[in-house]
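Here's the structure, in structure tokens; my notes come after.
The values are calculated or read from the model by the stated rules, or taken from the named source; none is laboratory data. If you're wondering where the values come from, they're calculated on a predicted model, not measured in any experiment. Neighbour counts are summed over all protein chains in view; Cβ atoms, including those assigned to glycine, are modelled from backbone coordinates with ideal geometry. Keep in mind that these areas ignore ligands, DNA and RNA; they rest on the heavy atoms of the full protein, side chains included. Shrake-Rupley method; radii C 1.70, N 1.55, O 1.52, S 1.80 Å.
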Amino acid sequence: MIRQGAWADERGFTLVEVMITIIVMGIVFAIASSTWFGVVESRRVDSGTNHLVSDLRLAHTRATNRLEQWQVVLVANSSAYTIGPTAEPRDLDDNPGDKVVVDTGGTITFEPDGSVTLPGGASSATFIVSSPDGAPAHDIQIDGTISRIQIDP
């Protein structure tokens, strides 16, 4: 049996307190989610950059080991490119749509003697991998004279 005065000294939250708590939580979640999406976008660009650099180094290694010419053909403002003597299609981003793009197109040719021919016959080239809006971005530098491939953050 319940006594009538047992709940008299109990207090709960008022509607105003509950609403203020929900509003504050909403603001915190909004800030956290915008930060989270920025981190995800940054990681996507990092992954795409590392993927392209890995394929460039693979093409260089395969050209010298197999004594055959290997090419990496980049498509400007796209995540699609091809690699190898058979032009195997690759993509910077595994997600549908171009979430990560390379700014400049062109053919990079790795010769069996270890040399590199860059677009336009240049001795060095820089390719920028970024999200479609341009930020975040990483530079991939290729020095054709010594066949060095490096990432500049």
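With r as the distance between the Cβ atoms of Phe37 and Thr107 and R0 = 25 Å, compute the FRET efficiency 1/(1 + (r/R0)^6) and round to 0.05.
Numbers: r = 35 Å, r/R0 = 1.39.
Calculated value: 0.10.
How much accessible surface area, in Å² rounded to 10, belongs to the heavy atoms of Phe127 with a 1.4 Å probe?
Here the accessible area works out near 10 Å².
Taking only Cα atoms, what is the 0 to 90° angle, nearest 10, from helix 15-66's long axis to the longest principal axis of the chain?
With both axes taken from Cα atoms, the answer is about 20 degrees.
Work out from phi, with θ = phi - 60° and the Karplus expression 6.51 cos²θ - 1.76 cosθ + 1.60, the ³J(HN,Hα) of each residue of segment 119-131, listed in order in whole Hz, and give x for Gly and Pro.
Per-residue couplings from phi come out as x, x, x, 5, 7, 8, 8, 10, 10, 10, 9, 8, 6 Hz.
Averaged per residue, what accessible area in Å² does the chain show with a 1.4 Å probe, protein chains only?
On the way: 9650 Å² over 153 residues.
For the chain, the per-residue accessible area is 63 Å².
Residues with amide H under 5 Å of Ser124's amide H, sequence separation 5 or more or different chain, H placed in the peptide plane at 1.01 Å from N; which?
Gly144
Using the Cα centre of segment 86-137 as the reference point, and only Cβ charges (+1 on K/R, -1 on D/E), how large is the resulting charge dipole? Debye, rounded to the nearest 20.
On the way: 2 positive and 9 negative charges, 24 e Å.
My answer is approximately 120 debye.
Mind listing the phi-derived Karplus ³J(HN,Hα) values for segment 101-108, rounded to whole Hz, using 6.51, -1.76 and 1.60 with θ = phi - 60°, and x for any glycine or proline?
Residue by residue, segment 101-108 yields 10, 9, 6, 10, x, x, 10, 10 Hz.
Run the accessible area of segment 44-110 with a 1.4 Å probe and give the carbon-and-sulfur part as a rounded percent. Walk me through the intermediate numbers first.
Numbers: 1490 of 3190 Å².
With neighbouring chains kept in place, the figure for segment 44-110 is 47 percent.
Counting each DSSP H run of 4 or more residues in the chain as -39500 (n - 2.57), what helix-only mean residue ellipticity at 222 nm follows after dividing by all residues, to the nearest 500 deg cm²/dmol? Please report the intermediate quantities before stating the final value.
Details: 1 runs with 52 residues, N = 153.
That comes out to -13000 deg cm²/dmol.
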